[in-house]
Amino acid sequence: MQVRLRQWLMVVLTVFACGWLPASVLAADNSASQEQAARQQTQPGNNAPVWRDVRGGDNPYQTTQVRGIESTVLMQPAGETWRQLRNGPITIYGGWLIVAVMILIGAFYALKGPMKLHDRPTGRRMLRFGAWDRMVHWGAAISFVLLAVTGIIILFGKHILLPVFGYTLFAWLAILAKNIHNFVGPVFAFCTILMFLTFVKDNLPKLYDIQWIAKAGGLFSGKHVPSGRFNAGEKAWFWGGVTLLGIVVSVTGFILNFPNFEQGRELMQQANVIHAIASIVFMTLSLGHIYMGTIGVEGAYESMRTGYVDEAWAREHHEYWYQDTVANNKSGGGAAKPAAASALKEGWKA
Amino acid sequence: MARMKFLCDAERCIECNGCVTACKQEHEVPWGVNRRRVVTLNDGLPGEKSISVACMHCSDAPCMAVCPVDCFYKTAEGVVLHDKDLCIGCGYCFYACPFGAPQFPQDGAFGLRGKMDKCTFCAGGPEEDNSAAEFKKYGRNRLAEGKLPACAEMCSTKALLGGDGDVVADIYRNRVLKRGKGAEVWGWGTAYGKPEKSATPPAGAKS
């Protein structure tokens, strides 16, 4: 006991002598050698504490002449954990999750078919997405799809494409995928920021969103529930998908994309696990969004392609937004501005 | 056939870095790439020990398991090699490897990784033995010449042993019995503790 006390006293004295920062390192070192000394009393020949210290690489007296990131670390056991996570649950459950969601959406489409307009189109069109809105949306969307496809090649290609393509052809595809993924990644992060700034105003939660959620947006009943410019489903995708998952995949992606900031392997392993899980969830959610935006809802794709929707569509899908727009236009003087015939046809060029 | 293994005797290693130099010289490895390194424990303190470490050619190699293009293969002698023509430089083998063996020459801006390079146990790559192409990508193929790895052959204290795992283990066992200490075979549990994955032909040969 007295020996222990004296040792601790020495540690405390060294702390004061050396200042705060190196003190913690010295204390860590002492604790390892102390543990080793204690182990030798009970189990002579068991050097486990030393080897644990060796694996950690935190010991300041562990050196090498090779200059490099973590070159003094003799062994890193975390790599095996990463391998088990990535090759195990992430690949298996993640892969089947994507397949399952695709099958579910396909089944839903086969059973229910697309959501059609109930009223007849009025022929009068109103602007839903301006040129900037569409540019930002498609910038993010195209970069997202590129990242999703290349990411799938990198994670699952070995299991689904390699047996078909053979080694040489698949390696070419994979190196192309890696480079597209690495270079498009920052573009996506940039577009995500613009996307947030562009659409955040109309995605703020409103009281009437509760009603929409309670009725699941009329997905099963087929009856439309009134909503603002964006309904609660779109808002959930905006906050949970674009914003939250967008930030998660972007931050972890940057950690992996730029290894020249001397980050260690453990950080990159953790980033990779989070990146993979978040992007698989992101992809499954995006499948829902892509379905609704293309074949799932009649008129939805045209709204983002041309920027214009039919008044009947606006009234049915986004009633409050429709009323607001009409009211604003009236209060601004003059009736709702009808779009020029050319803009109707090729609105995306306008 | 012999199962090739590395063994570093921490009681004998004197941190001369002769193995590191021998490796660089033998294979003309590019600047910034270190297939082998010597790590000193308790440097300057009583009980200082040094260990030379490189790819251990694991029985169940993590690099091989995580490679997205499956560019690794194992020879009949248990040596883990890879095909640089297939490697995409993703760095996953570097995340997974317990020994920090995979090295990446920087290939372009922002830390973009080039083709992975690592210790080959002086056994070259999938190209024809001792061809110019093989030397350029992987260094000399000493095993094909009937020689053992240059690092172990060059070791002045015979701390680093490389060769048939059974022979190497016998030499080490005799040493431990004679000196009565230093029985830890560093890294063997991690490298050879798992069941051996069977040898695979070079990936490129399959397509």
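The values are calculated or read from the model by the stated rules, or taken from the named source; none is laboratory data. Just so you know, these numbers come straight off a predicted model, no measurement behind them. Note that we place each Cβ from the backbone using ideal geometry, even for glycine, and neighbour counts take in every protein chain shown. Keep in mind that these areas ignore ligands, DNA and RNA; they rest on the heavy atoms of the full protein, side chains included. Shrake-Rupley method; radii C 1.70, N 1.55, O 1.52, S 1.80 Å.
Observations
- Per residue of peptide B:36-48, the mean number of Cβ atoms on other chains within 10 Å of the residue Cβ is 5.
- Straight Cα distances below 13 angstrom link residue B:178 to the aspartates and glutamates B:11, B:170, with same-chain residues fewer than 8 positions distant left out.
- Whichever aspartates and glutamates have a C-alpha closer than 13 Å to that of residue B:74, once near sequence neighbours (fewer than 8 apart) are set aside: B:60, B:83, B:196
- When all protein chains stay in place and ligands, DNA and RNA are ignored, the 1.4 Å accessible-area order of B:45, A:127, A:245, largest first, is A:127, B:45, A:245.
- Exercise: per-residue mean of other protein chain Cβ atoms within 10 Å, A:230-241: 0
- Accessible carbon and sulfur surface of the protein assembly as shown relative to its total accessible area, %, 1.4 Å: 65
- For the stretch A:171-215 and the stretch B:155-191, distance of Cα centres in Å: 55
- Angle between chain B longest axis and helix B:18-27 axis [Cα atoms, degrees, rounded to 10]: 20
- In the protein assembly as shown, a dipole from Cβ-located charges (positive for Lys and Arg, negative for Asp and Glu) runs towards its positive end, and of A:299, A:140, A:154 it is A:299 whose Cα lies farthest in that direction.
- Each residue of the stretch A:155-166 was assigned a 3J(HN,Hα) from its phi angle through the Karplus expression (A = 6.51, B = -1.76, C = 1.60, θ = phi - 60°), giving 7, 10, x, 4, 8, 10, 9, 4, x, 8, 7, x Hz with x at Gly and Pro.
- Reach of residue A:178 by Cα under 18 Å, taken over lysines that are not fewer than 8 positions away in the same chain: A:158, B:84, B:115
- Computed from the Cβ-Cβ distance with R0 of 56 Å, the FRET efficiency linking residue A:116 to residue A:69 stands at 0.45.
- Contact order normalised by residue count of the stretch A:175-273, Cα under 8 Å, 6+ apart, percent: 28
- Heavy atoms of the protein chains alone define the surface here; on that basis the protein assembly as shown has 50 Å² accessible area per residue at 1.4 Å probe size.
- Computed over chain B: relative contact order in percent, which uses C-alpha pairs under 8 Å that are six or more apart: 30
- Principal-axis analysis of the Cα atoms of chain B puts helix B:165-179 at an angle of about 20° to the longest axis.
- Tensor-based shape of chain B (alpha-carbon gyration tensor, a/c under 1.5 rounded, otherwise prolate or oblate): prolate
- Computed accessible area, residue B:170, all protein chains, 1.4 angstrom probe, square angstrom: 80
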